[in-house]
Amino acid sequence: MRLIRLPHETDVAGWRDAARAALLVGEPPEALYWVVGDGAAGDLFEGDEAARTPIVAPKVPRAFITLTETVILHRDPGRFALLYRLLWGLQAQPQLLEDASHPDVHEAEQRAKAIRRDIHKMHAFVRFREVEEPEGAIFIAWFEPDNFIVEAAAPFFMRRFTGMRWSILTPDRCAFWDGNSLRFGEGVSRDQAPTEDRLEALWRIYYANIFNPARLKVAAMTREMPRRYWKNLPEAELIGPLIEAAGERAQAMVAAAPTAPSAHAAAEARRRPVAPIVDADPPQTLAEAKAQAVGCRRCPLWEPATQTVFGEGPASARLMMVGEQPGDREDLAGAPFVGPAGKMLDRALAEAGVPRTEVYLTNAVKHFKFEPRGKFRLHKTPDTGEIAACRFWLETELAFVKPQLTVALGASAAQALLGRKVTIGRERGRVTALPNGEALWVTVHPSYLLRLPDEEAKAREYARFVEDLRGAWAWRATK
Amino acid sequence: METVLEKLAILADAAKYDASCASSGAEKRNSMASKAIGSTEGMGICHAYAPDGRCISLLKILLTNYCQFDCHYCVNRVSSNVRRARFSVKEVVDLTLGFYQRNYIEGLFLSSGIIRSPDYTMEQLVRVAESLRREHKFAGYIHLKTIPDADPLLLARAGAVADRLSINVELPREESLARLAPQKNPERIRRAMGGIRLKIEEAKEARKESRHAPRFSTGQSTQMIIGADSTDDLAILGSAANLYGNYKLSRVYYSAFSPIPDASAVLPLMRPPLMREHRLYQADWLMRFYGFAVEEIATGAVGGMLDLGVDPKLAWALQHRECFPVDVNRAAREVLLRVPGFGTKSVKQMLSSRRWRSLRLEDVSRLCRGIKTAMPFIVTADWQPGAAIDRLDLREKVAPQGELFA
Ligand code: SF4
């Protein structure tokens, strides 16, 4: 067996050089013994010289380099040998690291995980104490990490506390930041660190009061904040007393009889009456109708949706356009035609010379009907019952706006207005009559244009849609 | 006048019933250029844990616990006789910076009782965040509780400086809200959440076009109180699924209704078991990361309630024994994710590992923690559960003994 001495605990470069040299002469893992500094070598026995096959061009994947840099920070003396075993194995099986259940791969991953956790805990549990110095305040912390992680953990503090001067002292290494550069030094003893800070009393008060004694879960706490860290956490001295008193405090809360509301409460209650339930008298204006529709429960569509999306536009509009129902965006924004189909409509209206501000825009159904599919909400066509239930609102809008011409965008809208199923192709582009004799103009819904797969059809259908809108606007002008 | 210490005691106590603690998901930033303090690096950090097992990552306080509203489940309701206090904007700013400099916290989670008017209250909250960001160039995490009735302009200001906004839906059913929180308006809550989702998405789009586009909070979350009304677990999960889908929430928090000092007489005397809250989180996890639909989770529930004795995945598997055993060396990812005891990480490792070897039981046990639970449900190169899957006492056999949950 051959002894390899590395000068210090986290000497990645030294390990790499030694390992590479050993590979080049084909020394198998069991032929090497790794120690750090002047660490004892133990018994080096003379094994049978195994046949050596030199490895001429050692190869390592990128992932192994990262793994080495992490694992080497572990305090386990066996880590150098473990890494060499992996390196050795990688020469025969370049994909070895993907075999997560291989004992060595697994062990290295466990070690790396422990390091990441240790670094994370250092980021979490370092507690700075402020010390006044002639050149200004400096923040000093004492911490005892499990592994050799000070260098790896320090840049985080630099990025976070850039504007402070700080030092983190540990038994292994120390880190210093002066506002401009990060330096490291030898470990020190605990008595070098300050023992108190002016905000610790506040921090303890916070800790004690954010704790809910009715939900004691000590195991969950210690799993994430193991006891070995407690001695350096100023808040930890409260843990014992808080746990002890918790049972009694929780019981006292349950046992206490409800008290009468305070005078202050009574005064508030008089000042701020509970909002009245929307009254059911027939609306007198369009605005009143809109307000009432907010609480509509005529069909079940209200429940999963965000809000009622009522029509928008001047009550004096001479043109009214009716779509099918609000979509995902309209449901969130609370206004009709603001999503992709709305954008398409805007474009077409502009091209047809129809000012959107002079049109009353609404939908046959006022709530978004959808089916949840993973993270998305898929549009679903409203059924006859829902269209019929919501016709109440559409008729209310028609009655207040009294448009000279109503444009049905798509089949659902046409169905809602005519009370029967409609084939768009047969009735579009000309004036027909609503059941009450008023004028109706039928065309497609802009979302139909969005769904067309090929560009040519899209352009053709878009032009037709613009033509329809232009026709409707022109017809209205003749009245 | 109370001292800051006294106020902190009152206003931390008043804030602790909000379960939300996350400080993850903010855009990455640090103070190297500004030479100030603060950073967010994706994963939030829990700087301490309280004996209730909850992570302390943010300074979670109320600006004031005076409130005009009378929500029965809330310790701050107007009719409660608790002591009241109010912080000034500056006091909160100083506390946040002081705690942050000492590495006690990741940032601030600020909420408030409603005083004077929703707009006034919201403006106070926004001013704290604006002072931190603008005057002190603070780059730590800021979570603001949003008041649904406040002016959208205030919401926009809040989003410009906060990393997360949240609005609590409070109760899973509208009827319950009407009964227990009569001044809260569910429609307005939903509208505000819809508005926030739109703003988040618009800002994201705009930032793709230009890095200088104004920023907006990167996420929103909400909380539901469990056990203050009679809503069952499946209805709660249904509400949660709807909220995730509608508003793309980062998280829904479930908070088992907890006894509070000076409770209202309208509330149930019994508090729900904490295990119920735990099971809901597990089910929520199954929906978000394991491809389970509420209807599937429902098959493992009894009378609308999740099984308190076993976790919801195991409960589901016990009802679908025909789907098992699955071959660890062959089954697809989605199938493996349904094996009780397997987590997303272990499944990923198995998939990677099995390309190089035929997995044996020992290999699998190295990769997952719950091998005992998993055994009757899997086949490996050297393991067949045989008839184990059909045993009537399977539940007793695989249910973890002495749940690791206090
Ligand atoms: S879709 Fe129409 S009828 Fe149905 S609840 Fe909504 S507004 Fe009322």
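The values are calculated or read from the model by the stated rules, or taken from the named source; none is laboratory data. None of the values given here were measured: they were computed from a predicted structure. All Cβ positions, even for glycine, are placed from backbone atoms using ideal geometry, and neighbour counts span all protein chains on display. Just the protein is used for accessible areas: all its heavy atoms, side chains included, with ligands, DNA and RNA removed. Shrake-Rupley method; radii C 1.70, N 1.55, O 1.52, S 1.80 Å.
Data table
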| item | result |
| --- | --- |
| Only one of B:Ala156, B:Ala192, B:Ala213 that is open to solvent by 10 Å² or more (accessible area, probe 1.4 Å) and in contact with a Lys or Arg (Cβ under 6 Å, 6 or more places away or on another chain) | B:Ala213 |
| Conditions (1) within 14 Å of chain A (Cβ to nearest Cβ); (2) open to solvent by 30 Å² or more (accessible area, probe 1.4 Å); number of the one not met by B:Gly303 | (1) |
| Residue ID - surrounded by the most Cβ atoms within 10 Å (Cβ to Cβ), chosen from residues in region A:462-479 that are over 47 Å from the mean Cα position of the chain (by Cα) and of a type in the set (D, E, K, R) | A:Arg476 |
| Count of region B:9-42 residues which are facing another protein chain (nearest Cβ under 7 Å) and among the polar types (S, T, N, Q) | 3 |
| Residue match in region A:340-357 (condition: at pLDDT 95 or above, within 15 Å of the ligand (Cβ to nearest atom) and away from every other protein chain (no Cβ under 14 Å)) | no |
| Of the criteria (1) buried (at least 22 other Cβ atoms within 10 Å of the Cβ); (2) part of a strand (DSSP E or B), which one A:Pro372 fails | (1) |
| Region A:76-90, residues that are farther than 27 Å from A:Pro145 by Cα and either among the hydrophobic types (A, V, I, L, M, F, W, C) or surrounded by fewer than 17 Cβ atoms within 10 Å (Cβ to Cβ) (or both) | A:Leu87, A:Trp88, A:Leu90 |
| Among the residues listed as B:Ile45, B:Ile114, the single one being within 11 Å of another protein chain (Cβ to nearest Cβ), within 19 Å of the chain's Cα centre (by Cα) and in a loop (DSSP other than H, G, I, E, B) | B:Ile45 |
| Of all residues making up region A:246-257, the number that are open to solvent by less than 40 Å² (accessible area, probe 1.4 Å) and more than 15 Å from A:Ile210 (Cα to Cα) | 1 |
| Single condition A:Val431 does not satisfy, out of (1) farther than 24 Å from A:Pro336 by Cα; (2) without any contact (Cβ under 8 Å) to a residue 40 or more places away in the chain | (2) |
| Tally of residues being small (Gly, Ala, Ser) and surrounded by fewer than 18 Cβ atoms within 10 Å (Cβ to Cβ) across region B:216-233 | 1 |
| Unmet requirement for B:Ile200, which otherwise passes all of (1) more than 9 Å from chain A (Cβ to nearest Cβ); (2) in contact with an Asp or Glu (Cβ under 8 Å, 6 or more places away or on another chain); (3) not charged (D, E, K, R) | (2) |
| Top-ranked residue in region A:12-34 [being assigned to a helix (DSSP H, G or I) and of a type in the set (Asp, Glu); ranked as most open to solvent (accessible area, probe 1.4 Å)] | A:Glu30 |
| Filter pass, A:Glu303 being closer than 28 Å to B:Pro172 by Cβ and surrounded by fewer than 16 Cβ atoms within 10 Å (Cβ to Cβ) | yes |
| Filter result for the condition that a residue is open to solvent by 60 Å² or more (accessible area, probe 1.4 Å), under 24 Å from A:Trp473 (Cβ atoms) and not aliphatic (A, V, I, L, M), over A:Lys421, A:Lys402 | A:Lys402 |
| Any hit, region B:97-108, residues being assigned to a loop (DSSP other than H, G, I, E, B) and β-branched (Val, Ile, Thr) | yes |
| Region B:239-285 - residue that is β-branched (Val, Ile, Thr) and open to solvent by less than 10 Å² (accessible area, probe 1.4 Å) and, of those, nearest to the other protein chains (Cβ to nearest Cβ) | B:Ile260 |
| Candidate set: region B:85-96, residues that are assigned to a helix (DSSP H, G or I) and touching a residue at least 40 places away in the same chain (Cβ under 8 Å); chosen: the one surrounded by the fewest Cβ atoms within 10 Å (Cβ to Cβ) | B:Lys90 |
| Search result, residues across region A:279-326 that are polar (S, T, N, Q) and farther than 19 Å from B:Ile189 by Cβ | A:Gln284, A:Thr285, A:Gln292, A:Ser316, A:Gln325 |
| Verdict on B:Asp18 being surrounded by fewer than 23 Cβ atoms within 10 Å (Cβ to Cβ) and within 19 Å of the chain's Cα centre (by Cα) | yes |
| Enumeration of residues in region A:309-339 that are surrounded by fewer than 22 Cβ atoms within 10 Å (Cβ to Cβ), within 19 Å of A:Leu469 (Cα to Cα) and within 16 Å of the ligand (Cβ to nearest atom) | A:Glu312 |
| Subset of region B:54-84 (residues that are touching a residue at least 60 places away in the same chain (Cβ under 8 Å), at the interface with another protein chain (Cβ under 7 Å from one of its Cβ atoms) and open to solvent by less than 20 Å² (accessible area, probe 1.4 Å)) | B:Gln68, B:Ser79 |
| Answer from B:Arg133, B:Arg157, B:Arg116 - the residue that is among the basic types (Lys, Arg) and on the phi > 0 side of the Ramachandran plot | B:Arg116 |
| Which listed residue, of A:Ala408, A:Ala433, A:Ala439, A:Ala416, is among the hydrophobic types (A, V, I, L, M, F, W, C), within 16 Å of the ligand (Cβ to nearest atom) and in contact with a strand residue (DSSP E or B) (Cβ under 8 Å, 6 or more places away or on another chain) | A:Ala416 |
| Contacts under 6 angstrom Cβ, first residue in region A:300-325 being within 19 Å of A:Leu440 (Cα to Cα) and outside any loop (DSSP other than H, G, I, E, B), partner within 11 Å of the ligand (Cβ to nearest atom) and not small (Gly, Ala, Ser), 6 or more apart | A:Gly323/A:Asn363 |
| Strands (runs of 3 or more DSSP E) (entirely within region A:132-239) containing at least 3 residues that are facing chain B (nearest Cβ under 7 Å) and at pLDDT below 95 | none |
